[in-house]
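Take a look at the structure below.
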Amino acid sequence: MKRNFMYVIGMAMLLSSTSCHSQKTPSAEAGNVPPYEISNLPKVDLKGFKQNADGAYVIFDGTSLNGWRGYNKEKVPAKWSIENGTLKFSKNPQGVTNPDGGDLIFAHDFKNFELEFEWKISHAGNSGVFFLAKEVKDQPIYISSPEYQLLDNDNHPDAKMGVDGNRKSGSLYDMIPAKPQNGRPAGEWNKAKIVVNKGKVTHYQNGEKVVEYELWTPAWTQLLQASKFSQAKWPLAFELLNNVGGKSKSGVIGFQDHGDDVWLKNITVKVL
């Protein structure tokens, strides 16, 4: 009887030990988040910028790049310039030898705001807009920021990739498609508006609401898990995007260097 009792106790302990070792948290299954560092580069004060009749700050007026610099850089990359009153990224800028590129940011942390601008793209062109972004050393801007897609829907291959058109213009890149899809062809001006207010984000394209979502919610986490930024595929991106904006829930606005010519104008931000 004693031998049988000890056998039962021993089996119970073995099963308990096996059970404990087989249980893993999702983060353990996906792999550890690698270390990262946020850059501490200069930021600008909005007090030096004019406001329009609607109370929005004019952060690009067609004449100056005041407040702008490269992502993780202290100056404006040479591939970004002012051309006929527009902010332009040029794949091959004229008169510049070995020009540097990279994403361009407005160096101020915004939290709740309305960003408005106009854009047009070159044939088969691709670009994007970022917000609530952090400058993570040695990492791309999109590792910490949602992306409002700018695209030539008719000619760029990204338009046919992803799911249900979620890489077309106005979309939350690789997560939510812009509907209705009312982007205009390459070479024509589009109007864009991004509203971020207490975690609720709305994309507008050419006057219509096309995307809506809420940050820092289970639904947001599910969107990330179904995308290229999932915990399993890209642990660091998942960590940063799932907690987009960091502790302050704020970050910079940026425009993407995707290697294609893009023009921007009338860029304003209304602080909410």
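Listed by position, the strands (runs of 3 or more DSSP E) contained in segment 61-177 that have at least 1 residues being open to solvent by 10 Å² or more (accessible area, probe 1.4 Å) and closer than 17 Å to VAL262 by Cβ are 68-70, 80-83, 86-89, 113-121, 147-151. Quick one: is TYR57 over 19 Å from HIS258 (Cβ atoms), of a type in the set (Ser, Thr, Tyr), in contact (Cβ under 8 Å) with a residue 12 or more places away in the chain and buried (at least 19 other Cβ atoms within 10 Å of the Cβ)? When the stated conditions are applied, TYR57 passes them. Of all residues in segment 47-59, none are more than 17 Å from PHE255 (Cα to Cα), outside any loop (DSSP other than H, G, I, E, B), within 25 Å of the chain's Cα centre (by Cα) and of a type in the set (A, V, I, L, M).
The values are calculated or read from the model by the stated rules, or taken from the named source; none is laboratory data. The shown structure was predicted, so the numbers you read here are calculated from the model rather than taken from an experiment. A quick note on method: Cβ atoms are made from the backbone with ideal geometry, for glycine too, and the neighbour counts reach across all protein chains shown. Note: areas computed on protein heavy atoms with side chains; ligands, DNA, RNA excluded. Shrake-Rupley method; radii C 1.70, N 1.55, O 1.52, S 1.80 Å.
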